[in-house]
Amino acid sequence: MRRSRLLLGGLMVMLGGMAVSADARADDMAEIRALHAEMRRLEAKVEQLESRHGMTHGSQHVLAGHTLRSGGHASSGGGTSGGSTMGQITAMPDLSRLTIGGPTLSDDAQAQAAAENTMTESIVPAQPKLDLDSSSPLAITQTGVDSLPPIFRIGGVSVRLGGFIDFSNIYRSKNLTSGPATSWGSFPYANSPNAHTGEYRPSAQLTRLSVLLQGSPTKDETLSGYIETDFGGAAGTANSYQTNSYTPRIRQAYMTYSNTKWGFHVLAGQAWSLTTGYTQGLLSRHEQLPPVVDNNQIPGIVFTRVPQIRFIKDFGRKWWLGLSLEAPQVAYAANGGSHAMLTGASDDTIASSGTTLLYSNAGSGMLNPNAKYSMDVAPDIVLKGALDTKPAHYEIYGLARWFKDMAQAPNGPIRERVSFAGGVGGDVTVHVIPRYLQFTGNVLAGEGIGRYGPGMLPDATFKANGTPAPIPEIIGSMGLIGHPTPNLLVYLYGGVESAGRRTYNANGYQYGYGVNDLALSSCNVEQISGGSCDAQTHTLADLTVGGWWHVLQGGYGAVMSGVQYTYLRKLAYKGGDGASPTTGGNTIYVTFRYLPFQ
């Protein structure tokens with residue numbers, strides 16, 4: 001303890017007596033901030049040792065004519081703290097020590113909480129440098145709040161703020177009438193006039209804010225709460241005429257409990273699905289998200305962001321096992337044509353058998369009354385294992401789902417029909433050239449998994465008796481992320497989502513998804529009024545290239561600029577008339593972000 005006090009006093013003497021020229025002040029500020037952070041850590045250590053030995057918390061420590069109060073700054077005897085003179089560097093106000101009510105949580109406890117979420121033992125500097133070395137930099141893909149110091153504390157809970165102001169300029173070669181989340185499966189065929197004109201959509205909706213709350217009941221336990229929001233909501237009154245009145249929405253809102261002694265972790269709330277890949281481990285805010293701008297990612301990435309409860313066990317921070325129970329929804333195929341799967345009546349009826357179905361309802365209460373919600377019987381279940389090694393991170397998992405509807409044959413009783421669906425998947429992140437080049441890949445294959453891809457291919461269709469029929473599907477992508485310089489990140493991704501057939505024959509026609517006897521030649525006939533096209537999507541494929549430039553960094557925050565180009569190809573199942581409708585399109589993003597907390 002005496003050595004800690006001597007070191008702390010020595011550091012204060014160095015800072016108090018350091019004289020530098022005005023021209024050198026800017027160069028020394030980073031080192032000074034690092035020294036401030038080290039002082040706070042040592043100060044907290046002194047408090048911890050005093051508390052352990054029954055000494056008074058907040059006592060004065062006197063060394064070499066300087067007085068230091070635990071939780072405060074040093075001041076020279078008789079001097080005025082906070083004053084400044086020409087050529088003299090003085091301590092800056094320490095807002096991270098601001099406390100509202102209750103005892104202050106020690107910096108050691110804060111370091112423990114940060115280590116639980118960042119899996120590092122390093123001390124967080126007062127103004128951390130924006131890190132672009134990762135294959136999924138948190139400041140780009142999420143908000144990077146874990147790397148930031150507490151703004152203030154409420155009792156024993158630290159409060160960290162994160163986020164950025166985003167302005168994106170979006171150009172698409174075909175008019176989707178879509179905001180900054182591209183509806184990848186909606187690129188129109190030639191029969192639509194929207195296939196012959198582009199769109200330009202500037203938007204600030206991707207502006208994002210986050211709050212991280214953390215407390216440590218014991219040295220082994222950490223409680224945290226995380227809230228992340230953007231302005232991606234569109235209420236019924238939202239429009240773009242005079243004011244773009246788009247609404248805040250929940251991206252993530254969850255609580256976690258972690259016990260490092262047991263290697264046990266729990267998450268409850270809305271977060272990225274456990275099917276999403278991770279850069280390391282299986283803890284939240286370590287997801288392997290591509291550093292793209294589009295809010296709907298790119299085709300081939302596996303993800304949802306839904307309410308869930310998750311249990312994680314780590315074995316020496318190398319082997320990981322996770323189980324997640326996640327909120328289900330089912331996307332049923334909407335079939336068209338002269339012999340459609342469903343008649344389209346208010347109570348949908350299977351055209352081939354006359355069986356009446358009920359498989360979704362409009363929302364009520366706090367759900368959207370203009371949206372349809374599937375009838376769910378159980379949560380989606382994800383079981384995942386992961387391995388961390390120095391050169392790579394590996395994952396393998398299984399997904400289980402259940403689909404339910406109510407069916408009634410003509411003049412028959414109402415029957416509940418339930419079908420099982422699911423798949424298997426894997427993810428890998430390889431550090432090809434550490435800090436300079438990473439490779440990522442992911443795949444999910446199975447039945448009824450369309451909801452887990454950004455292209456939103458359907459999960460299921462129906463059998464003749466009304467039983468849900470999960471559609472075979474595969475989702476996958478590969479990417480390269482490079483770091484030519486510390487301030488530049490570039491990426492290249494390719495992805496695919498493909499749906500298989502699920503059909504049956506009746507009354508001389510095919511029914512279901514992937515049928516090959518539809519008349520589809522009209523899909524390629526240009527009509528200003530928009531002719532009919534009943535094509536069923538077989539495959540979505542994309543190629544994406546882009547990059548981020550870290551423009552500025554300082555006490556004022558950070559400024560970044562990004563450019564992204566995506567080419568999409570959409571292919572439909574071949575029709576009975578020999579027509580094979582295809583379409584494609586280009587999307588370009590030019591984005592500017594200000595990150596005030598970085």
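The values are calculated or read from the model by the stated rules, or taken from the named source; none is laboratory data. A quick note: this is a predicted structure, and the numbers were derived from the prediction, not measured. We place every Cβ from the backbone using ideal geometry, glycine too, and count neighbours over all the protein chains shown. For accessibility, only protein heavy atoms count, side chains too; no ligands or nucleic acids. Shrake-Rupley method; radii C 1.70, N 1.55, O 1.52, S 1.80 Å.
General observations
- Residues of the stretch 188-340: accessible area per residue with a 1.4 Å probe, Å²: 40 Å²
- Fraction of accessible area attributable to carbon and sulfur, the stretch 229-358 (%, probe 1.4 Å): 59 percent
- Beyond 20 Å, the tail of the calculated P(r) for the stretch 401-477 holds 49 percent of the Cα pairs.
- Protein heavy-atom surface of the stretch 490-598, 1.4 angstrom probe: 59% of the accessible area is carbon and sulfur, with nucleic acids and ligands not counted.
- In this structure the stretch 460-598 gives 40 Å² per residue of accessible area when probed at 1.4 Å with all protein chains present.
- Amide hydrogen proximity for Phe152: with H placed 1.01 Å from N in the peptide plane, the residues at 5 or more positions away or on another chain lying under 5 Å are Val159.
- The loop-placed trypsin sites (Lys or Arg not before Pro) in the stretch 279-336, going by DSSP, that have at most 11 neighbouring Cβ atoms within 10 Å of their Cβ come out as Lys318.
- Taking each residue as 0.36 nm, the span from Asn370 to Ala268 lengthens on full extension beyond its C-alpha to C-alpha distance by 34.0 nm.
- Each of Tyr556 and Tyr200 was given a label point 7 Å from its Cα along the Cα-to-Cβ line. The distance between the two points is 2.8 nm.
- Residues of the stretch 402-451: accessible area per residue with a 1.4 Å probe, Å²: 51 Å²
- Applying 1/(1 + (r/R0)^6) with r as the Cβ-Cβ distance of Thr218 and Val424 and R0 = 45 angstrom yields a FRET efficiency of 0.70.
- Taking the protein heavy atoms of the stretch 153-226 in the context of the full set of protein chains, the accessible area attributed to carbon and sulfur is 64 percent at 1.4 Å.
- Amide H to amide H, with H built 1.01 Å from N, Ala469 comes under 5 Å of Thr461, Phe462, Lys463, counting only residues 5 or more places away or on other chains.
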